[in-house]
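Presented below is the structure to which this report refers.
The values are calculated or read from the model by the stated rules, or taken from the named source; none is laboratory data. All values reported here derive from a predicted model rather than from experimental measurement. Ideal geometry is used to build each Cβ from the backbone, glycine not excepted, and the neighbour counts take in all protein chains shown. Remember, those area values only see protein heavy atoms, side chains included, never the ligands or the DNA or RNA. Shrake-Rupley method; radii C 1.70, N 1.55, O 1.52, S 1.80 Å.
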Amino acid sequence: MKAFFEKIKENEFYKLWFKDALPYVTGAVLLSVFQIVTFATTGNPWGVSGVFAEWGAWIFELFGGSVDKWYYFSSPGAQATLNAGILNHAPTWRNLGIIAGALFAAMMASGFKIKKIKSYKQVVAAVLGGLLMGYGARIAFGCNIGALYSGIASLSLSGWVFAAFMFVGAIIGSKLLVKYFM
Amino acid sequence: MSKEVVLDCLGEACPIPLVKSEKAIEKMAVGDVLVVQVDHSCAMKNVPEWARKQGYEVEVEEVDDGEWEIIIEKTK
């Protein structure tokens with residue numbers, strides 16, 4: 001593998017397509033095009049974190065639980081999605097595609113590395129942050145993709161409201177980061 | 001005599017390497033060299049961007065898979 005990368009390292013097309021990061025504008029255009037594709041093919045706007053709630057429901061059902069009576073899954077649409085199963089769930093495949101694609105891109109740029117955990121503070125911050133983001137995204141009916149990106153793309157005012165408060169959150173988050181990690 | 005300061009930011013996500021670099025270079029004298037070790041690709045982008053904007057001499061070296069050294073010379 002090493003020899004292979006040594007050989008193509010200087011190739012200009014390798015650098016252009018795999019090694020160097022794409023400009024932000026190119027990334028933005030590609031995201032826009034593919035969210036139109038996902039809307040056209042699945043009938044729903046792009047979302048990422050709603051899938052986690054459905055994965056949770058399927059795991060819960062695997063252990064004999066039932067979410068029929070839960071308010072979050074009570075609509076006929078949500079029940080139909082859960083009954084159709086994970087293999088027929090397009091957003092699941094899209095999320096797996098994102099993970100596989102990101103891994104492929106990192107490996108092609110020979111940038112894949114298993115990073116060490118530097119301190120217990122990182123673990124605490126990651127777990128706390130993950131729980132807050134997951135909980136927040138569900139009660140807001142969307143994360144920065146479903147509520148913000150797809151919201152704004154659908155010309156919905158809620159997307160802009162989400163953006164304003166995400167900005168406030170980012171400022172608070174940065175202050176906390178500097179306070180606890182510097 | 002110029003000295004070299006090594007800043008270990010391995011395993012640290014954005015924007016910590018950038019903030020640490022800003023603080024480290026503040027304490028350094030003109031002519032000193034700051035070597036920032038990073039393993040998050042976003043730091044490989046935003047740290048050199050900031051340093052070049054400050055007018056410093058910047059070089060990025062790929063030392064291993066997913067590991068870079070950003071070499072910044074405090075030129076002024």
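Key figures for this structure:
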quantity: Net charge dipole size for chain B [Lys, Arg +1 and Asp, Glu -1 on Cβ; Debye, nearest 20]; calculated: 600 debye
quantity: Neighbouring partner chain Cβ atoms per residue of A:132-145, average, 10 Å criterion; calculated: 0
quantity: Shielding by partners - mean other protein chain Cβ count within 10 Å, residues of B:65-74; calculated: 2
quantity: Where trypsin sites (Lys or Arg not before Pro) fall in DSSP loop in the range A:1-72, at most 16 other Cβ within 10 Å; calculated: A:Lys9, A:Lys69
quantity: Solvent-accessible area lost in complex, 30 Å² minimum, residues of the range A:93-110 relative to chain alone, 1.4 Å; calculated: A:Ser110
quantity: Among beta bridges that DSSP assigns inside the range B:4-73, antiparallel share in %, nearest 5; calculated: 70 percent
quantity: Rounded to 10°, Cα long-axis angle of helix B:41-53 versus longest principal axis of chain B; calculated: 20 degrees
quantity: Mean Cβ neighbour count within 10 Å, used as a protection proxy, ranking A:167-180, A:149-162 highest first; calculated: A:149-162, A:167-180
quantity: The protein assembly as shown, helix-only ellipticity at 222 nm - DSSP H runs n ≥ 4, -39,500 (n - 2.57), divided by all residues, nearest 500; calculated: -17500 deg cm²/dmol
quantity: Of B:Leu7, B:Val38, B:Val19, farthest towards positive along the dipole that unit charges on Lys, Arg, Asp, Glu beta carbons give chain B; calculated: B:Val19
quantity: Cα-based reach from A:Lys19 at 21 Å (exclusive), listing lysines while leaving out same-chain residues under 8 positions away; calculated: A:Lys2, A:Lys7, A:Lys9, A:Lys113, A:Lys115, B:Lys45
quantity: The range A:1-77: GluC sites (Glu not before Pro) in DSSP coil with no more than 15 other Cβ atoms inside 10 Å; calculated: A:Glu10
quantity: Cα-Cα over 20 Å, subset of A:Lys118/A:Lys179; A:Lys15/B:Lys20; B:Lys20/B:Lys74; A:Lys15/A:Lys118; A:Lys118/B:Lys74; B:Lys23/B:Lys74; calculated: A:Lys15/B:Lys20; A:Lys15/A:Lys118; A:Lys118/B:Lys74
quantity: Distance between the range B:8-41 and the range A:109-157 - C-alpha centres, whole angstrom; calculated: 25 Å
quantity: A:Ala105-A:Trp93 pseudo-label distance in nm [points 7 Å out on the Cα-to-Cβ vector]; calculated: 2.1 nm
